[in-house]
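Down below is the structure, laid out as C-alpha cells.
The values are calculated or read from the model by the stated rules, or taken from the named source; none is laboratory data. It should be emphasised that the depicted structure is a prediction, and the values quoted were computed from it without experimental measurement. When we count neighbours, we look across all protein chains shown, and the Cβ atoms used for this are built from the backbone with ideal geometry, even at glycine.
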Amino acid sequence: MGNVLDARAHSQLFQPLDIANGKIQLKHRIILAPLTRNRGTPLNAESTPENPNRAWVPNDLMVEYYTQRTTEGGLIISEGLPPSLEENGMPGVPGIFLPEQAEGWKKVVDAVHAKGGFIYAQLWHSGRANIPQLTGTPIVAPSAVPWDDPNETFSYPAPHSTTPVKLAEHPPIELTVDYIKKTIRDYCNAAKTAMDVGFDGAEVHAGNGYLPEQFLSSNSNKRNDEYGGTIEKRCTFVLELMDELAKTVGQDNLAIRLSPF
C-alpha cells in the first residue's frame, strides 16, 4: 500500500494542469473522453415512416450521466454534437442547432459546474459516414467517393425500419466551395451556442474518419482545387475551420481531436 501511495504522490497524473492558455486549471489530468450514448429524447413525440423524427434533445438522464462522472477540477469532453441536422450521423444524438437542444445542454453544463467540473462541447460532422434516411438530406463529403465494401451496412437501420442499409447504395455528393463555407458557418454557430449556454470550450472532432479527417485523407479527398491534392491543400478545410472558430469564440476556447492517418 505504501508503494501505491508513494507512486500517486509522485505521479503527474494527479498534478494540476493549465489548459486554454491558462484560463482553466484542472486539479488532475484524468479527462473523460467523449462517448456517444444515443440517449437523447426525440424532439417530435409523433414520428411516422413518412415524417420521422430527425432531431433529439438532452434530457434528465443525460444530466445524471454527466453529473455522475464529474470530479472537482476535472474535465469532461461531451459526446459529439452535430452542428446541423445534416451533420448528425446517429439516431438519439442531441445536436446543438435548435433552441430546445441548447436549453437541454445548459442543464447538463450547469450540473457539471455545480460539482466543480469543466466541460467542453465536441462538435461532430459525420460527413460520408451517414445515410440520407437519417437526416433527410443528401450525404456530403470532400469528394463523391463511393463506399469500398458493397455489403457494408450503416450501424443503424433507417427510421421505422429494421432492414440494414448498405452504405454503397447512398454515395456522398462532393461539397461545393460555397457549401464548404456554409459548413464552417454551421460549426461556428454551434460553437457560439455552446459557449453561450456555458460550455468551457469547444473541441472539433477531426478524427475517426469523420468530415475533417475525410478532407485530410487522400483516400476520401480526391479534389483538385484549393481543398485537395497536396497534403497542404488537404489541410485547408481544417485550418480554415479552426481560424473561423477562433474568430467566433476565441482561440483560448478551442481544441481539436486528431487521429493518425
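Side notes on the structure shown:
- The single residue among LEU61, LEU98 that is touching a residue at least 24 places away in the same chain (Cβ under 8 Å), on the phi < 0 side of the Ramachandran plot and of a type in the set (A, V, I, L, M, F, W, C) turns out to be LEU98.
- PHE199 being in contact with a helix residue (DSSP H, G or I) (Cβ under 9 Å, 6 or more places away or on another chain), more than 17 Å from HIS125 (Cα to Cα), surrounded by 20 or more Cβ atoms within 10 Å (Cβ to Cβ) and of a type in the set (A, V, I, L, M, F, W, C): yes
- Scanning segment 150-165 for residues that are in a loop (DSSP other than H, G, I, E, B) and either touching a helix residue (DSSP H, G or I) at 6+ places or on another chain (Cβ under 7 Å) or within 19 Å of THR176 (Cα to Cα) (or both) yields PRO150, GLU152, PHE154, ALA158, PRO159, VAL165.
- Output for segment 64-84, where each listed residue is under 17 Å from ALA121 (Cβ atoms) and either out of contact with any strand residue (DSSP E or B) (no Cβ under 9 Å at 6 or more places or on another chain) or without any contact (Cβ under 8 Å) to a residue 12 or more places away in the chain (or both): TYR65, THR67, SER84
Residues are listed down the side, and each one gets a yes or a no for (1) out of contact with any Leu (no Cβ under 6 Å at 6 or more places or on another chain); (2) touching a residue at least 12 places away in the same chain (Cβ under 8 Å):
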| residue | (1), (2) |
| --- | --- |
| ARG39 | no, yes |
| GLU46 | yes, no |
| GLU87 | yes, yes |
| VAL108 | yes, yes |
| ALA121 | no, yes |
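- Scanning segment 219-261 for residues that are more than 30 Å from THR193 (Cα to Cα), surrounded by 13 or more Cβ atoms within 10 Å (Cβ to Cβ) and free of Cβ contacts under 8 Å to residues at least 24 places away in the same chain gives a single hit, GLY229.
- Residue count for segment 141-166, restricted to those that are buried (at least 16 other Cβ atoms within 10 Å of the Cβ) and either within 20 Å of PRO52 (Cα to Cα) or among the charged types (D, E, K, R) (or both): 6.
- The numbered conditions (1) surrounded by 14 or more Cβ atoms within 10 Å (Cβ to Cβ); (2) in a loop (DSSP other than H, G, I, E, B) are all true for PRO138 except (1).
- Taken over segment 37-58, the residue count meeting the criterion of being within 18 Å of ALA194 (Cβ to Cβ) and either touching a Ser or Thr at 6+ places or on another chain (Cβ under 9 Å) or at pLDDT below 95 (or both) is 3.
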